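Worksheet for the structure shown next.
The values are calculated or read from the model by the stated rules, or taken from the named source; none is laboratory data. Source: prediction; values computed, not measured. When we count neighbours, we look across all protein chains shown, and the Cβ atoms used for this are built from the backbone with ideal geometry, even at glycine.
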Amino acid sequence: MSNTRRLGSKVIGTAACTLLAATPAALSGQIVPRPALEQMDWKIRTIRDSGQPVVPAFEGWYQNPDGTYDLCFGFFNLNRAESLDVPRGPDNFIEPARFDGAQPTHFTALGEGRPQREFCAFVVNVPADIGDQRVWWNLRFAGRTYRVPGHVTLRPYMIDNLVNSVGAAMEEFEVNRQFAGAEAAPLVRVVDAQGPEARGKGGNVPAQARARVGAPLRIRLQISRPPAPDAAAADDARRDEDAPSQQSVKWTKFSGPVDAPVAFSPARAQVSVPGEHSVQATFVRPGEYVLLAQVLHGSFANQCCWTNAYVRVVVDP
Amino acid sequence: MSSVRIVVRASLVTASIALVALPHAATGQEASERGEVTFSEQVATLIQENCQVCHREGGMGPMPLTTYDQARRYATRIRAQVASRAMPPYHYDREVGIQELEYDMRLSDAEIATIVAWVDAGAPQGDPALMPPPKAFPDPAEWRMAEMFGPPDIVVPTTPYDVPASGNDKWWEPTIKISGLESDRYIRAIEVKPSVAGRRVVHHANTNLMRPGDDGELYNASGGRFTEYAGNKLGEIVPEGAGRLIPADGWVEWSVHYHPDGTAIEDDVTELGFWLYPEGYVPEFESKLHSWPLQGDLLIPPNGTAMTQGFLSFDHPIRIDSYQPHGHLRLRGASMEIFHPKTGEREVVSMVSNWSTWWAHSHIYKENVAPLVPTGSVVILTHWYDNTENNPYNPAPNQWVYPGSRTNDEMSHDWVGVTHLTEEQYEELVSLRQARPVASAPDSPGR
């Protein structure tokens, strides 16, 4: 973190004092005009430009129709400008070992703006009889381990996967329907690639694609509403047919070679659903990558609803 | 930053010492030594006045305390809850900051000592003939402010929502036309009223005031949140002389956050009630409810703690009318201070060192002590978060905790009622205060 750079609107007090003591003007004895105390913003920071770790997050759990459970994990890269690659191994592992391998190895920088973690980037599917057993995701940075346990006996962490809200008899009231519709994880299919349709945080068996270094790879997503679960929802859906919902798509590199950023154009987009979204991904190194598209209908902070769609890309030189 | 930590730790220590000392307050102890404290003569009235509003049939308390037998059965628990000031659930430090509050639910030292002495003496009943007559309470489904203002002039309900028994937190966000207003009016008081069943699961219920624009679309007319409800909050009362406008063509945009707790509720409805000033009333002051953010990067490690702070100043004077910290399960304490750069003085206005997300009171200052903040002075907001096992509300000390909307995630802002003043209005209020000195705080703060 550069002391000369002002992050957001607030600056920590001690950092500001250090800055004042070290500026050339101060050293030369000049009187430097500066804002009055009350006109400055002050901030306590854990997020910096670089040098910070990535900390894991256990988002919660939900049960699947077959009785198994999905444990949802996300992460918070505390660096605004520094993306990190941590290969699976002693610095990035899940235990018990039989659950290892689902986790990401690339952790995209936060960027500017309001800091927010990557919500539920992957799930660990555990059997129906998992009981109270913990599944730990461990990340190590600079000799320190950051870990969280996932387990299904933590009831306050039970989350929805597919649908968050329920419909109501809105027509009886004088109601603006804009905010009243149910939120549901969309169906996402990767067009022009082998792979099944995805819905929910559990995602899909990754679709397959092939690319070359430096040559943009076009990936298209077909995004549609899920089938209505009941007659009332079907009625709602029919009423909404003339008003496609706006949903957001966010692309990130999920795993791949170290120091090999992937450029997405665009990395974030709004898409009308039902509809199609297209992105161009450009690679700077050969190797095997997994890309993650999160298609959101609702709110990450509310934990519902979105679909994780993964695309495995083999990049040739 | 170090000075902040020192000041507040000292406050917490002071509060702890006060708690330890409470059961030995003179009145109750002397009564106990004389063996004179009985349920009929002293305790029943205290329980009627301070407990039964919740602890009665149909009330939100887990057990009724309307008879001697009921109170005797739970006497040990009553003693522990009262002596620790966990109950009544109004968690506001007694030794720090402004103590003259409206609708203050805290017991005095003498009242606590009386209850402690009664339990320690074996919870005697005394002469039943000396029992006070039963206290009549309104229906739990009634408006709590109706006792002060009568029924609300305007009620805006949500549309019904089916709350599931378990699962992810839910957000119900219908937008409802305000009905019954023929002209723009100023609000005197506001209460958000969850249903009786819904009080268990309504984590918060916030509203925005919307108005149609020229294009017919609805736009936020309140410049942020219009009202806020959390954790059994009573409501908001606009200070005398101030006003918050509600337009005749307004809509209310709801955001009701449900936290399922094991029991499903069908067709749950939360209501927003307004009490209005008379038609033609024009307030002298502009009053607003602000959501003031704290600025730290809220990230709490497993078994760890965190602190956030917010700093605000204005280009005009203000009067702070109320203070309500907001956080979730890991928020332990909160304070509001004012720093005056011109004098170097720093004063603690309010301190809540034993905060609970389930009891989110708006602490309303009595008008003659509501802080007057001159132009340029800095309001300092502080929150302390405890993600250790020492926090009884913590569901999972071994998890990292992040900002988020769910009850298991955290938030860091305060709801503060503010009257915005001109320099002339500020000077006038200061002069009035100087002409009318504040009386010293009584033993029973705010009572």
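Assorted remarks:
- Filter pass, B:LEU294 being within 30 Å of A:ASN138 (Cβ to Cβ), hydrophobic (A, V, I, L, M, F, W, C) and within 10 Å of chain A (Cβ to nearest Cβ): no
- Some residue of region B:380-388 being within 14 Å of chain A (Cβ to nearest Cβ) and touching a His at 6+ places or on another chain (Cβ under 8 Å): no
- Considering (1) more than 26 Å from A:VAL54 (Cα to Cα); (2) surrounded by fewer than 21 Cβ atoms within 10 Å (Cβ to Cβ); (3) in contact with a strand residue (DSSP E or B) (Cβ under 6 Å, 6 or more places away or on another chain), the lone condition that B:THR343 does not fulfil carries the number (3).
- When B:TRP359, B:TRP355 are checked against the criterion of being aromatic (Phe, Trp, Tyr), assigned to a loop (DSSP other than H, G, I, E, B), touching a Gly at 6+ places or on another chain (Cβ under 8 Å) and over 30 Å from A:PRO56 (Cβ atoms), a single residue qualifies: B:TRP359.
- For region B:345-400, the set of residues classified as under 19 Å from B:TYR103 (Cα atoms) and at pLDDT 90 or above consists of B:VAL349, B:SER350, B:MET351, B:VAL352, B:HIS363, B:ILE364, B:TYR365, B:LYS366, B:ASN368, B:VAL369, B:ALA370, B:PRO371, listed by residue number.
- Number of the exception - A:GLN270 against (1) touching a Ser or Thr at 6+ places or on another chain (Cβ under 7 Å); (2) modelled with pLDDT of 95 or more; (3) of a type outside the set (Lys, Arg): (2)
- Answer residue from region A:156-167, given it is out of contact with any helix residue (DSSP H, G or I) (no Cβ under 9 Å at 6 or more places or on another chain) and at the interface with another protein chain (Cβ under 7 Å from one of its Cβ atoms) and is modelled with the lowest pLDDT among those: A:SER165
- When B:ASN394, B:ASN408 are checked against the criterion of being within 11 Å of chain A (Cβ to nearest Cβ), polar (S, T, N, Q) and in contact with a helix residue (DSSP H, G or I) (Cβ under 6 Å, 6 or more places away or on another chain), B:ASN408 stands alone in meeting it.
- Segments classed as strands (runs of 3 or more DSSP E), wholly inside region A:52-122, with at least 1 members that are in contact with a Phe, Trp or Tyr (Cβ under 8 Å, 6 or more places away or on another chain) and within 11 Å of chain B (Cβ to nearest Cβ): A:54-63, A:69-77
- So B:LEU130, is it away from chain A (no Cβ under 14 Å), loosely packed, with under 15 Cβ neighbours inside 10 Å and either on the phi < 0 side of the Ramachandran plot or not aliphatic (A, V, I, L, M) (or both): yes
- Residue within region B:191-204 that is within 14 Å of chain A (Cβ to nearest Cβ) and closer than 13 Å to B:TRP254 by Cβ present: yes
- All positions within region B:301-319 that are facing chain A (nearest Cβ under 10 Å) and either in a strand (DSSP E or B) or basic (Lys, Arg) (or both): B:ALA306, B:MET307, B:THR308, B:GLN309, B:GLY310, B:PHE311, B:LEU312
- The number of residues in region B:47-71 being touching a Pro at 6+ places or on another chain (Cβ under 9 Å) and among the charged types (D, E, K, R) comes to 2.
- Residues of region A:123-152 that turn out to be within 24 Å of A:THR307 (Cα to Cα) and within 12 Å of chain B (Cβ to nearest Cβ), as a count: 6
- Residue satisfying condition, being of a type in the set (Ser, Thr, Tyr) and closer than 25 Å to B:SER356 by Cβ, within set B:TYR74, B:TYR68: B:TYR74
- Residues (of a type in the set (Lys, Arg) and either more than 30 Å from B:ASP409 (Cα to Cα) or modelled with pLDDT of 85 or more (or both)) located in region B:130-172: B:LYS135, B:ARG144
- Pairs where the first residue, in region B:253-274, is within 9 Å of chain A (Cβ to nearest Cβ) and at pLDDT 90 or above and the second is outside any strand (DSSP E or B) and crowded, with 22+ Cβ neighbours inside 10 Å, C-beta under 7 Å, 6+ apart: B:TRP254/B:THR158; B:TRP254/B:PRO174
- Hits in region B:200-239 - residues which are basic (Lys, Arg) and within 15 Å of the chain's Cα centre (by Cα): B:LYS233
- Region B:87-124, subset without any contact (Cβ under 8 Å) to a residue 40 or more places away in the chain and under 21 Å from the mean Cα position of the chain (by Cα), residue surrounded by the fewest Cβ atoms within 10 Å (Cβ to Cβ): B:PRO88
- Residues satisfying the stated conditions in region B:226-254, i.e. in a loop (DSSP other than H, G, I, E, B) and either surrounded by fewer than 18 Cβ atoms within 10 Å (Cβ to Cβ) or on the phi > 0 side of the Ramachandran plot (or both): B:GLY231, B:ASN232, B:GLY235, B:GLU240, B:GLY241, B:PRO247, B:ALA248, B:ASP249
- Note on region B:330-352: residues that are in contact with a helix residue (DSSP H, G or I) (Cβ under 8 Å, 6 or more places away or on another chain) and not in a strand (DSSP E or B) amount to 1.
- Looking only at region B:74-86, and only at residues there that are small (Gly, Ala, Ser) and modelled with pLDDT of 90 or more, the one that is surrounded by the fewest Cβ atoms within 10 Å (Cβ to Cβ): B:ALA80
- Of everything listed in (1) closer than 24 Å to B:GLY327 by Cα; (2) out of contact with any strand residue (DSSP E or B) (no Cβ under 9 Å at 6 or more places or on another chain), the single unmet condition for B:ILE364 is (2).
- Of all residues in region A:173-207 being within 8 Å of another protein chain (Cβ to nearest Cβ) and either surrounded by fewer than 15 Cβ atoms within 10 Å (Cβ to Cβ) or at pLDDT 50 or above (or both), the one that is nearest to B:GLY167 (Cα to Cα): A:GLN178
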